[in-house]
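Only one structure is covered here, and it is reproduced in the block below.
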């Protein structure tokens, strides 16, 4: 529940919190923790995805196209994880935590924008209305090839490490493809459930999803995320992000110790 | 709407299964698959109900792709129909990967 709550407050998938908790605190093997985390990612993202779709913020056409790459990456990542030593997975997760910590405290970079129009054979242009001032925001999407390549990596990370992959998808859509930040976050959220599903199916087929553990984690993440989305506007997100970034560096160090066999 | 219904259905199944498990713990904690989960449920094993909840949870984003596919077909956006079919094929591929 804490993972879902913090995830929605910090704009993260719950996996970043769930996996260290399950492996470092409760002593579960990495693969079991990843299997459970993917269920939590589906549970916490699905509720908010439906909200963003109804609000018209998600670029569904772009999301579907990028999902070809993220689902493929997720299946490949999950297959690699199934056959990878859990100490190597712990080290990879430590690297992901460090990257996430840097990403959280970094200042936002200026977004480039494109006029609506076709992007290769597809027109992925979209628009949404800003709730605050009623302004209609129209944008075009470019550099689909680069976006697809990065999405393959984001999907691979999701399947390999049990996270949503939004930490890659959002900046890629925003900085490279010209999607406004709010639409990029909503589109990423729309994609996360399907990306996690592709990896989760592999873990399920390999018997790496422990039903009780996955059930508890999914239910907690779902209700935590639902509560978090309601209280998010009352909390100073920037302060919380900085504090959490420091905690992530500490947890990354613990994951490296686990990878080195120093910790159980 | 599809997402919300699927999500709540899986949450209800998971909460019921976990509550049942808390009262009468099962000796096993492995995923069973849809047919075996129903068999386990009928024979009074809470893992069957939890596993069904997990399968509902997994199926919810899948329903979302099917819905998008239907909408694209209805609006005759054939390129996006093809895109949706590609995503479905990749997920189907994952189903047939067995340990």
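Only the coordinates and a few stated rules stand behind these numbers; no lab work does. As the structure is a prediction and not an experimental result, all values here were calculated from the model. Backbone-built Cβ (ideal geometry, glycine too); neighbour counts: all protein chains shown.
The table below lists the values:
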read-out: Alpha-carbon centroids, region A:53-107 and region B:45-63: separation in whole Å; value: 23 Å
read-out: Highest-MSF residue in chain B out of B:14, B:49, B:32 [GNM, Cα springs under 10 Å]; value: B:32
read-out: Peptides A:253-261, A:133-141 ordered by average Cβ neighbours within 10 Å, highest first; value: A:253-261, A:133-141
read-out: Residue B:36/residue A:85 FRET efficiency (R0 41 Å; Cβ-Cβ; nearest 0.05); value: 0.85
read-out: Inter-label distance, nm, simple model (7 Å from Cα along the C-beta direction), residue A:114/residue B:22; value: 5.1 nm
read-out: Percent of Cα pairs exceeding the 16 Å cut-off, where the set is region A:154-197; value: 30 percent
read-out: Rotationally averaged projected area of the protein assembly as shown (alpha carbon convex hull; nm²); value: 17.7 nm²
read-out: Net lengthening on full extension, residue A:243/residue A:149 (0.36 nm per residue, minus Cα-Cα); value: 30.6 nm
read-out: In nm, spacing of pseudo-spin labels at residue B:4 and residue A:133 (7 Å Cα→C-beta vector); value: 3.1 nm
read-out: Alpha-carbon centroids, region A:190-227 and region B:1-30: separation in whole Å; value: 12 Å
read-out: Sum of -39500 (n - 2.57) over DSSP H runs of 4+, divided by residues of the protein assembly as shown (222 nm, nearest 500); value: -24000 deg cm²/dmol
read-out: Distance (nanometres) between label positions extended 7 Å along Cα→Cβ at residue A:260 and residue A:95; value: 1.7 nm
read-out: Anisotropy class of chain B from Cα gyration tensor, a/c 1.5 cut; value: prolate
